[in-house]
Each structure stands twice: as structure tokens, then as C-alpha cells.
Amino acid sequence: MSLRRAVFLSVLALSCLVAAAPVTRDGSTSKPGADVHIAFSGLICHVFDQAHPPRAVVMRGNEAMPHRATLYISQSAIASSDIFLTCEGGECTLDLTNVAMRFRSAGAPQIDQDGSFDRLVPHLRPVTNGEMAELRSDVFDEVPSPASPVSASFELPSGRMSAVAYGENGRYEPDFEQRGVRQFAREVFLDGHVASPTLLIRNAADTAMALT
């Protein structure tokens, strides 16, 4: 028998499925911790830097097109929580504006060279001709501040990154890479394992919370 817990995070949209390790007949688990399947879609940047833990960040957007980060989770999937959640019809939500998230255990996702993530997800350094370097201090803040262009961040656990493409191709403008018409990622996935399924959440008011 295996226990499965699903955690859905929508950040335009970020979804995370956490499955506890299978339990054997003698009551022990085959592997401590939990398997995770995380799916990202929408306006999310994945930032990998040897000097910092890898993370996914949501850019704040502007008044005409704000990027709103919201956590969606099935009420039945919550074992315990320090967080005040708004719940209705069996689903709970939490506004993630100015919020940082991470699993209790750290990690380092792997990317296969010429794999689906490598091919489909724009690499911001060459795509923007290095302009994203100006945001480095904001991207790696422990918690996004209200004045930051980053509205939410998620420190990634270990796992393997992959992606699926949109049905139609497009162009990135300005096209510093000169790739022309290309495929873009519709969804990005991270499949891995965490030592603990507890999701730690901290907001700009320096309030630390946990969701298990």
C-alpha cells in the first residue's frame, strides 16, 4: 500500500505533486522521504547559478498585466499546516505574492544537454543578451520584497528537468540568438525525490510557515 499526497501550486500555474514513499508489508518504507513531480506553466523563469540554490521565480509584471502567484491545494491532502488558508469546496488557496517556498531538504536539478528542457526553455543569458544580469540581486533574495521585480520564488529540490512544447512555434524578440521561428515550452516538469515532503513558506513580513 502506498500513501499519496497531492499539492497543487498555481503560479500562472505552478503545480506540485508530492507522493510519499511506498510502505512495504513489514511497515517500513522502501526509500525515506517522498517522490515529487512538479509542473510549471506560465511566466516562470528557472534560474541556475553555481553560487546559489537553483530556483524558479515569478516576475511581478506591471499594472496592465500583473503576474499573480497563488497556491492551490486539495484540503484532503493537507496533513498539517501553520498557514491560514482560504478553503471552499474542498480546495484551499494562498496568495504567494512576496513569498518564498522551498522543501525542507535542498537539491540540485539536473538538465540533460539537448534534452527537452534544454531545447524548449529559453536560456535568458543569450536570449536577453545578458540583460537579466541586472536582476541577480533580486532573483536570489531569501524572500522577495514588495519593491522587487520578483513576486515569488521557489527553491528547487533535486530531480530531472523536462518540458513539453506548445502546439505552435513562435519567435523571441529581440532574437539575439538568431534562432528565428522556434518551439517554446508549454509546461516544464521536475521529477525527483525529497527527504521530507514539508514545504516551507516565508513571506516578506518575515513570517515562516510550514505545509505538510
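Taking amide H atoms as placed 1.01 Å from N in the peptide plane, the amide H of residue 110 lies under 5 Å from those of 159, 160, 161, each 5 or more residues away in sequence or on another chain.
Annotation: amide H of residue 92 within the under-5 Å range of 73, 74, 75, sequence separation 5 or more or interchain, hydrogens built in the peptide plane.
Between the amide H of residue 97 and those of 69, distances stay under 5 Å, these residues lying 5 or more places away or on another chain, with hydrogens modeled in the peptide plane. Distance between the 7 Å Cα→Cβ label points at residue 181 and residue 209: 4.6 nm. Here the range 107-212 is treated with +1 on each Lys and Arg Cβ and -1 on each Asp and Glu Cβ, and its dipole about the Cα centre works out to around 200 debye.
Any read-out appearing in this document is the output of simple, stated calculations on the displayed coordinates, not a laboratory observation. Computed from a predicted model, the values in this text were never measured in an experiment. Positions of Cβ are backbone-derived with ideal geometry, glycine not excepted, and every protein chain shown enters the neighbour counts.
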